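Read the structure below first, then the notes.
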Amino acid sequence: MHCVTNIHEDLYWLGGSDRQLAKFENVFPIPRGVSYNAYLVLDEKTVLLDTVDKAVGERFFENLEFALAGRPLDYVVVNHMEPDHCATLGELLRRWPGAQVVANAKTVPMVSQFFDCDISNRAVVVKEGDTLCTGRHTFTFLMAPMVHWPEVMVTYDAADKVLFSADAFGTFGALNGNIFADQVDFERDWLDDARRYYTNIVGKYGAQVQSLLKRAAGMEIQMICPLHGPIWRENLEWFLEKYQRWSTYTPEDRGVAIFCGSIYGHTENAAEILAARLAERGVKNIALYDVSHTDVSYLVSEAFRCSHLVLASATYNGEIYTPMENFLRDLACHGLRGRSVALIENGTWAARSGMLMTKLLEEMKEMRVMEGTVTLKSSVKEAQRRGLESLADAIADELLH
Ligand code: FEO
């Protein structure tokens, strides 16, 4: 049965949520599920903006047929060709052979790459600034390469001042009836997943997100319709400010996140002593993660959030403890920069993790390794206890003054 929601005037949401998928892109855990949003405008011409993942394909087609109510589908706009949105595009093109495909020059060959179909005779190829008038609405297409794939574009509807933003402004999390961000406590219940989505999906492409934000600043936008998560029609500036921070790698919080990679608990003991001493000095909201237990996507998100990071790692096979090395390389891949980092290393016979972590951090941009790396030889002794006190002094001094 259909589940179509009217958003505004002649604009409809006909997406769906997947609460069964364990890992988005087969890598990111999504315990709260994920939504795939598609939008339909019933103007003089009918316009579908994006399709959906195959997981919700059946419901999507029911929704679309119900919403069209026998009218033909005139246009399908393909803002993003990734299969979480386009897995159902091939079937859509078969079911509506008269629909024209509005896409840019990078998207058109991707359609043939994913499907055994040639859309050259039904493609309306658009480039930056091109428009499509469908009656009351005039859609403008803006290229947004690498937010998150090279063919990504966003679509602006000047009539109702709606930005169809593709992956931008999306979030993990299934929609539970409330499809608008102002119908949920977004800061309490959604922000962490929005940050984790942004940092892991497009975190690497801050410059490209900045380019999109600069163009968006010149437009009057009353509603943002992303491909994942709630629709924004109130307090847009609050979410735009988050994107401004994330895309410039500016910490959201002046705070500390401690990440420990510990084999038998001694390195974790050092991390916990440091956390306790920081708390004594007045540092609040300290985060502490075991990198072997918390999925790396959460760790990356927390590193984007905090101004100060502590990496506490055992030495393993003469290298950085594997989960910590994986985390650090993931941070480098996502382009994180501009953080202050304190180090704790451990090695029973040859502690090398501190030196090796420093080397990786030096390959990243504007990462400042704080003085006073604490070296454990197996476990915390009096010398290391004093070292952790000094590190707590230095971090607290920076955070509180
Ligand atoms: Fe939601 Fe880049 O796909």
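All of the numbers you see were taken from the coordinates with simple rules; none came from a lab. A quick note: this is a predicted structure, and the numbers were derived from the prediction, not measured. Glycine also receives a Cβ, built like all others from the backbone with ideal geometry; neighbour counts cover every protein chain displayed.
Odds and ends about this structure:
- Over the chain, dividing the summed -39,500 (n - 2.57) contributions of all DSSP H runs of at least 4 residues by the number of residues returns a 222 nm mean residue ellipticity of -10000 deg cm²/dmol.
- Among Met364, Met143, Met1, the ranking by other beta carbons within 10 Å of each residue's beta carbon, starting with the fewest, stands as Met1, Met364, Met143.
- Cβ crowding within 10 Å ranks Val283, Val102, Val152 as Val283, Val102, Val152, fewest other Cβ atoms first.
- Evaluating 6.51 cos²θ - 1.76 cosθ + 1.60 at θ = phi - 60° for every residue in the stretch 248-264, the Karplus couplings come out as 9, 6, 7, x, 6, 10, 7, x, 10, 10, 9, 10, 10, x, 10, 8, 10 Hz, glycine and proline recorded as x.
- Residue order, fewest to most beta carbons within 10 Å, for Val369, Val256: Val369, Val256
- Amide H to amide H distances under 5 Å link Phe180 with Ile231, where only residues 5 or more positions off or on other chains count and H is placed in the peptide plane.
- Within the stretch 331-401, GluC sites (Glu not before Pro) in DSSP loop having at most 14 other beta-carbon neighbours inside 10 Å: Glu363, Glu366, Glu371
- Alpha-carbon centroids, the stretch 206-228 and the stretch 324-401: separation in whole Å: 36
- Alpha-carbon centroids, the stretch 93-139 and the stretch 30-54: separation in whole Å: 16
- Pairs from Lys106/Lys214; Lys161/Lys204; Lys54/Lys127; Lys204/Lys359; Lys54/Lys161; Lys23/Lys45 whose Cα-Cα separation, in the structure shown, is over 26 Å: Lys161/Lys204; Lys54/Lys127; Lys54/Lys161; Lys23/Lys45
- Lys54-Lys359 FRET efficiency (beta carbon distance; Förster radius 41 Å; 0.05 resolution): 0.40
- Distance between modelled label sites at Arg71 and Asp130, nm, 7 Å Cα→Cβ extension: 2.3
- Label zone of Thr348 (point 7 Å out along Cα→Cβ, amide N under 11 Å): in the stretch 368-401 this covers 378-379.
- Pairwise label distance in nanometres, Lys381 with Gln20, each label 7 Å out on the Cα-Cβ vector: 5.8
- At R0 = 35 Å, FRET efficiency that the Cβ-Cβ distance of Glu252 and Val4 yields, to 0.05: 0.45
- Stretch gain in nm, segment Asn285-Arg215, where the contour uses 0.36 nm per residue and the Cα spacing is subtracted: 21.6 nm
- Rg/Rh (Cα only; Kirkwood hydrodynamic radius) as it applies to the stretch 256-400: 0.92
- Added length on full extension, which subtracts the Cα-Cα distance from 0.36 nm per residue, Asn235 to Gln222: 3.7 nm
- Calculated P(r) tail over 38 Å for the chain, as whole % of Cα pairs: 30
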